Amino acid sequence: MRPLITILLLLACMLPAASQTVDAVVVQSTTEVDCRDMRNTRISEQRIYRLLNERASDMAQFEIECSKWLKLTDFNGQVTDGTGKVIRKFKKGELKRSDLSSGFAEDFYTLWLDYTPPSYPITIEFNCVTEANNGNFGFPVFAPVEAYNTQVEHASYVLTAPAEMACRHLCRNTTTQVIQSTTADGRIRYEAHMDNLPAIDSEPYSPPAREVVPLILWAPSKFEFHGVSGDMSTWQGFGAWIHSLLKGQQELSSEFKAQLHAMTDTCTSDRSKVDVIYRYLAQTTRYVSIQLGIGGWQPFAASEVCRTGFGDCKGLTNYLCAMLHEVGVPANYVVIRSGQHNLVTEFPSNQFNHAIAQVPLPGDTLWVECTSSAHVPLGYVHESIAGNHALLIDNDGGHLVKLPNYSPEQNVSCNRAQVSLQADGSATIDVDMRNEYRQYEDMLPLMSRTEQQRRDAMLGMLNLSTVTLGDFTVTEHKDSYASPHIDVSMQLKARKMANITGSRMFVPVGVFHKVTVPLALQQRVKPVYINYGFVDIDTVVVSIPEGFVIEALPQPVNEVTSLGELSLTSEANDNTVTIVIRHLMHDGTYPASEYDALRTFKTAVKKAYEQRIVLRRK
């Protein structure tokens with residue numbers, strides 16, 4: 001079951017620093033889950049928020065995902081102002097319902113309320129009841145701290161379920177005790193309370209909120225969903241249930257099998273067969289969201305995807321596996337959590353929202369993203385899944401695996417600027433940039449932009465003002481996942497590349513990057529989280545104008561720390577100066593005590609990029 005009230009956890013990994021303040025108070029958070037049997041569940045929820053300022057405005061919104069088997073049966077709410085006067089009431093009939101677009105085919109729909117408080121402070125209350133009638137294999141998470149800078153006064157969670165479901169829970173970032181008892185009708189009652197929780201301040205380079213806030217995860221062991229029973233007490237068991245949904249879904253017609261063999265029988269290796277099949281998938285299918293059948297968990301049959309030419313992540317992945325199996329290449333169906341929420345590996349449960357394929361080739365395992373087959377290279381592990389745990393499905397059930405991640409040395413951006421400087425401080429600049437792996441992925445949106453949007457974006461990449469962009473090219477190279485990159489070339493004119501003061505000219509060397517140093521904190525509380533590592537290598541070659549000589553070069557830099565590395569070198573030859581700056585940043589999670597070291601390192605980087613070449617008139 002999907003969460004019933006959207007948990008507004010701020011998942012950004014680099015949140016702005018905040019003062020020691022409170023933006024909102026959760027006055028009351030109540031969740032009661034009444035699981036009557038394997039098929040029928042009733043969930044009642046109440047939320048009362050005191051919103052103190054506009055930064056808490058998101059908490060004035062209500063949103064819930066429903067389906068044919070999960071219905072909102074009751075909803076009401078009200079708003080009171082600072083004096084306690086009721087200024088607004090809400091009814092179920094006011095909720096808006098999402099309309100299905102042509103790109104979506106699903107049993108799910110969204111109901112929401114969009115409310116903007118007229119002033120602050122206000123108190124807003126939501127009450128809702130939902131009922132599921134076709135099985136259940138998950139329960140709402142108990143996470144009353146719904147945003148940074150939010151206090152909790154009272155929060156409670158009660159789950160009542162049949163003993164045979166053998167419900168489980170996992171506490172994270174909390175010492176809250178779960179009280180267990182037996183009801184008069186023999187069901188098991190689980191109860192937890194979280195009261196008087198202090199606000200958690202946002203800090204720069206914070207981990208994903210789920211790693212910080214107190215929460216309790218809940219899941220059954222035995223379950224039934226849309227008439228299909230399963231056991232998720234282990235990953236192997238949950239994978240066996242998913243495997244049962246795949247049976248019979250990979251059948252292909254005789255005619256299409258013959259077509260596949262005609263395309264691949266001349267291939268000299270399994271890898272070349274995968275290349276051909278993947279390219280065919282990209283050319284003949286498109287992605288749509290299809291949340292139909294077995295709660296959106298069973299993929300459409302491969303033959304149906306072949307016939308219609310569209311599918312969701314499940315359908316396209318299953319289709320790819322079916323085609324590869326037919327031509328003798330092994331492939332496995334894999335479910336994964338896409339996004340910053342990695343799996344809680346010690347708690348087998350439904351934590352997945354995406355499907356990909358694994359192709360185990362000799363000496364090289366490919367992880368294949370089927371929904372982006374037209375956009376990313378075969379086997380490229382994109383940022384939303386890189387380094388995440390996943391559940392590989394085979395005949396034996398489910399097996400936890402971990403996807404690879406790219407190293408900082410692979411996520412490289414090589415930039416070169418050839419600056420033809422004039423005596424008045426103006427310049428023409430030829431720029432060449434190459435971005436690989438993660439930095440390639442950061443540049444991918446450029447490939448679908450208009451020419452004007454590309455122009456605007458490329459000027460935004462530079463740490464230069466008063467420049468105009470002339471000719472430019474953007475070229476993507478993705479023939480091999482081993483070295484995907486995007487090359488950018490541009491010609492610029494700068495009216496004021498250098499500042500002239502008296503007889504001296506000051507030429508900046510930080511053409512490509514402007515570094516921000518995170519704010520100082522009195523006391524760092526949370527670990528330091530760096531999302532991904534990278535290397536930036538900037539080379540700036542400056543032609544000295546006639547009538548000027550070098551008076552001073554930038555100071556050399558060579559720093560190596562646990563968080564990163566920084567170097568700056570200068571070389572003067574004839575009438576040119578070449579500056580090379582190399583900035584490496586490691587990814588990872590570091591103790592809170594490393595925050596000051598991070599600030600010190602970022603300060604050094606900022607100073608390096610802000611150095612100047614000093615020229616003097618002869």
Open item on the list: For the range 384-424, place one equal point scatterer on every Cα, skip the solvent, and apply the Debye formula. What is log10 of I(q)/I(0) at q = 0.16, 0.26 Å⁻¹?
Closed with: -0.65, -0.93
Open item on the list: Quick check: pseudo-label points 7 Å beyond the Cα along Cα→Cβ at ASN127 and THR576, how many nm apart are they?
Closed with: 7.7
Open item on the list: Rounded to the nearest percent, how much of the accessible area of the chain (1.4 Å probe, protein heavy atoms only) is carbon and sulfur?
Closed with: 48
- [ ] For the range 494-618, state what percent of all Cα-Cα pairs lands in each successive 10 Å bin, counting from 0 Å until the bin that includes the largest distance.
- [x] 12, 38, 26, 16, 7, 1
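Per residue, how much accessible area does the range 564-618 have with a 1.4 Å probe, in Å²?
Working: 2650 Å² over 55 residues.
Result: 48 Å² per residue.
Taking only the alpha-carbon atoms of the range 230-335, what semi-axes of the equivalent ellipsoid follow from 5 times the gyration tensor eigenvalues under a square root, in whole Å, largest first? Intermediate results must be reported in sequence, preceding the final value.
Working: eigenvalues 129, 52, 26 Å².
They are 25, 16, 11 Å, listed largest first.
Viscosity 0.890 mPa s, temperature 25 °C: what is the translational diffusion coefficient of the range 232-284 from Stokes-Einstein with a Kirkwood Rh over Cα pairs, rounded to a whole number of µm²/s?
181
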Task: Area of TRP112 that stays accessible when all protein chains are in place (1.4 Å probe, Å², to 10) - done: 80
Task: Rg to Rh quotient for the range 121-196, alpha carbon positions, Kirkwood Rh - done: 1.00
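Fully extended, how many nm does the chain gain between LYS402 and LYS89 (0.36 nm per residue separation, minus their Cα-Cα distance)? It would help to have the intermediate numbers written out before the result.
Working: separation 313, 0.36 × 313 = 112.68 nm, distance 4.84 nm.
Separation in residues times 0.36 nm, less the Cα-Cα distance, equals 107.8 nm.
According to the Cα gyration tensor, what semi-axes, each the square root of 5 times an eigenvalue, does the equivalent ellipsoid of the range 469-550 have, listed from largest to smallest in whole Å? Before the final figure, lay out the partial values.
Values: eigenvalues 219, 148, 24 Å².
Result for the range 469-550: semi-axes of 33, 27, 11 Å.
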TODO: Run a plain Debye calculation on the range 349-478 (Cα atoms as equal point scatterers, no solvent) and give log10 I(q)/I(0) at q = 0.12, 0.17, 0.21, 0.22 Å⁻¹, rounded to two decimals, same order as the q list.
DONE: -0.64, -1.00, -1.31, -1.40
- [ ] Please work out the FRET efficiency for the pair ARG189 and ASP364, using the Cβ-Cβ distance as r and a Förster radius of 51 Å; give the result to the nearest 0.05.
- [x] 0.50
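Just to check, using Stokes-Einstein with a Kirkwood Rh over alpha carbon pairs, what's the diffusion coefficient of the range 424-516 at 37 °C and 0.692 mPa s in µm²/s?
Working: Rh = 14.7 Å.
The diffusion coefficient I find is 224 µm²/s.
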Open item on the list: Which order do the peptides 600-608, 84-92 come out in when sorted by mean C-beta neighbours inside 10 angstrom, highest first?
Closed with: 600-608, 84-92
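Quote the Stokes-Einstein diffusion coefficient, in whole µm² s⁻¹, for the range 41-176, based on the Kirkwood radius over alpha carbon pairs, a temperature of 4 °C and a viscosity of 1.567 mPa s.
Details: Rh = 17.2 Å.
So the translational diffusion coefficient is about 75 µm²/s.
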Open item on the list: I'd like to check one number: the per residue accessible area of the range 29-164, probe 1.4 Å, reported in Å² as a whole number.
Closed with: 44
Task: the range 213-262: radius of gyration over Cα atoms, expressed as a fraction of 2.2 N^0.38 Å - done: 1.84
TODO: Using every Cα-Cα pair within the range 143-293, state what percent have a distance larger than 21 Å.
DONE: 69
Task: Lys, Arg +1 and Asp, Glu -1 on Cβ, resulting dipole of the chain about Cα centre, debye, nearest 20 - done: 1080
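Which whole number of Å³ per residue matches the convex hull of the alpha-carbon atoms in the range 405-444? Write out the running numbers ahead of the final one.
Details: hull volume 3.0 nm³, N = 40.
Considering the Cα atoms of the range 405-444, their hull volume per residue is 75 Å³.
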Open item on the list: Need the full-extension length gain, ARG36 to ARG97, defined as separation in residues times 0.36 nm minus the C-alpha distance. One decimal, nm.
Closed with: 19.1 nm
Task: the range 25-96 - Rg over Rh from alpha carbon coordinates, Kirkwood radius - done: 1.02
- [ ] Evaluate the relative contact order of the chain (contact order divided by residue number), counting alpha-carbon pairs under 8 angstrom at least 6 apart; express in whole percent.
- [x] 11
- [ ] Heads up, I need the accessible area for LYS478: 1.4 angstrom probe, whole protein in place, Å², nearest 10.
- [x] 60
Open item on the list: With the alpha-carbon atoms as the only input, what is the per residue convex hull volume for the chain in Å³?
Closed with: 191
Open item on the list: For a bin width of 10 Å, list the pair-distance distribution of the range 288-398 built from all Cα-Cα distances, rounded to whole %.
Closed with: 14, 47, 35, 5, 0
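Using a 1.4 angstrom probe, figure out how much accessible area the range 327-367 has per residue, in square angstrom, rounded to the nearest whole. The partial results should precede the final answer.
Numbers: 1310 Å² over 41 residues.
About 32 Å² of surface per residue is accessible.
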TODO: Report HIS513's accessible area, 1.4 Å probe, all protein chains in place, as a number in Å² to the nearest 10.
DONE: 40
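Quick one: if the Förster radius is 25 Å, what FRET efficiency do HIS341 and SER119 give, using the C-beta to C-beta distance and rounding to 0.05? Let's see the in-between values first.
Details: r = 35 Å, r/R0 = 1.40.
E between HIS341 and SER119, to the nearest 0.05, is 0.10.
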Task: Computed P(r) (all Cα pairs; the range 576-618; 5 Å bins; percent) - done: 5, 14, 22, 19, 12, 11, 6, 6, 3, 2, 1
Task: Geometric extent, Cα atoms of the range 195-238 - Rg, Dmax (angstrom) - done: 17.3, 47
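The values are calculated or read from the model by the stated rules, or taken from the named source; none is laboratory data. In this text, all values refer to a predicted model and were calculated from it rather than measured experimentally. Cβ atoms come from the backbone with ideal geometry, glycine included; neighbour counts cover every protein chain shown. These accessible areas exclude ligands, DNA and RNA; they are computed on the full protein's heavy atoms, side chains included. Shrake-Rupley method; radii C 1.70, N 1.55, O 1.52, S 1.80 Å.
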